[in-house]
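J.: The structure that follows is given in the form of structure tokens.
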Amino acid sequence: MTKEELKQLLQQYRQGKIGEQQIIEKIASLRFESLGFATIDHHRQLRQGFPEVILCQGKTPDQVAEIASRIHKRSQPLLATRATLEHFKAVKKEIRQSHYHEFARTITANEPKKPLSNRGTILVITAGTSDIPVAEEAFITCQMLGNPVERLYDVGVAGIHRLLSQNIKLQKANVIIVVAGMEGALPSVVGGLVDVPVIAVPTSIGYGARMR
């Protein structure tokens, strides 16, 4: 349930279209839903602005599809992460409008048509091409949360001129997410170039650094 849906429900009650018992039952039924293997918190969007995100890892395709279907039935945005193609095929049978983002390993539906107003731009950066799958998960997540997002990929410190040539894009960002492999120098370099929050996301890509 969104805040707008709650307002509409209260308006219907005020106008006499539904009774007190109906509104109590309606609100109570939207709090959570038990599926046996999972308990879905349907009030998460009301409290925090976004419904539960489904972590597909460790769940069967049928379990993911069932959870996704219950979220989608309430017209809530749907985001499932760490999803395989098998997970998506099961979800697609229940939600025809769902989409699979292969690089990001995410499933989405009821995507926002445009970013929310008064939101600053998030810039997602990768050190190398091999970091892109993790970066794409962050990119899709930010999009689903209603943020304007841009990409800047393969600009690691091994060729630092690639990063410095994008200084205008760096300075325009309000938040920067830096996805870098085991050597991990890029977040520190970016942090020295900007005055906005920098979120460092390490990955297991690369060989790391060895000090003698």
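J.: Neighbouring Cβ atoms within 10 Å as the yardstick, rank 161, 101 fewest first.
T.: Taking fewest neighbouring Cβ atoms as first place, the list is 161, 101.
J.: So, one more: Here is the link list: 92/113; 114/169; 7/113; 17/113; 7/92; 89/114. Which ones come out longer than 24 Å on Cα distance?
T.: 17/113; 7/92; 89/114
J.: I've got another one for you. I need the peptides 190-203, 77-90 ranked by packing, meaning the mean over residues of other C-beta atoms within 10 angstrom, with the highest value on top.
T.: So the peptides 190-203, 77-90, ranked by packing, come out 77-90, 190-203.
J.: Among all the aspartates and glutamates, which ones have a C-alpha under 18 Å from residue 73's C-alpha, if same-chain residues fewer than 8 places away are not counted?
T.: List returned: 4, 5, 25, 33, 41, 52, 62, 94, 111.
J.: So which aspartates and glutamates pass the test for residue 172, namely a Cα distance under 15 Å, with those fewer than 8 places away in the same chain ruled out?
T.: Here the aspartates and glutamates satisfying the reach criterion relative to residue 172 are 150, 195.
J.: Which order results if 13, 100 are arranged by neighbouring Cβ count within 10 Å, fewest first?
T.: 13, 100
J.: Moving on to the next point. Just for the chain, what percent of DSSP beta bridges are antiparallel, to the closest 5?
T.: Among the beta bridges of the chain, antiparallel pairing accounts for roughly 35 percent.
J.: Let me ask something else. Enter the Cα centre distance for the pair segment 119-135 and segment 168-196, rounded to the nearest angstrom.
T.: 10 Å
J.: Within 10 Å of each residue's Cβ, count the other Cβ atoms and sort 93, 7, 169, 113 from fewest upward.
T.: 113, 7, 93, 169
J.: With a cut-off of 8 Å between alpha carbons and a minimum separation of six or more residues, what is the relative contact order of the chain in percent?
T.: Relative contact order for the chain comes out at 13 percent.
J.: In deg cm²/dmol, rounded to 500, what helix-only [θ] at 222 nm does the chain give when every DSSP H run of at least 4 residues adds -39500 (n - 2.57) and the total is split over its residues?
T.: The per-residue figure over the chain is -10500 deg cm²/dmol.
Here, each number is a calculation from the coordinates, and none is a lab measurement. These numbers were taken from a predicted model, which means no experiment stands behind them. We place every Cβ from the backbone using ideal geometry, glycine too, and count neighbours over all the protein chains shown.
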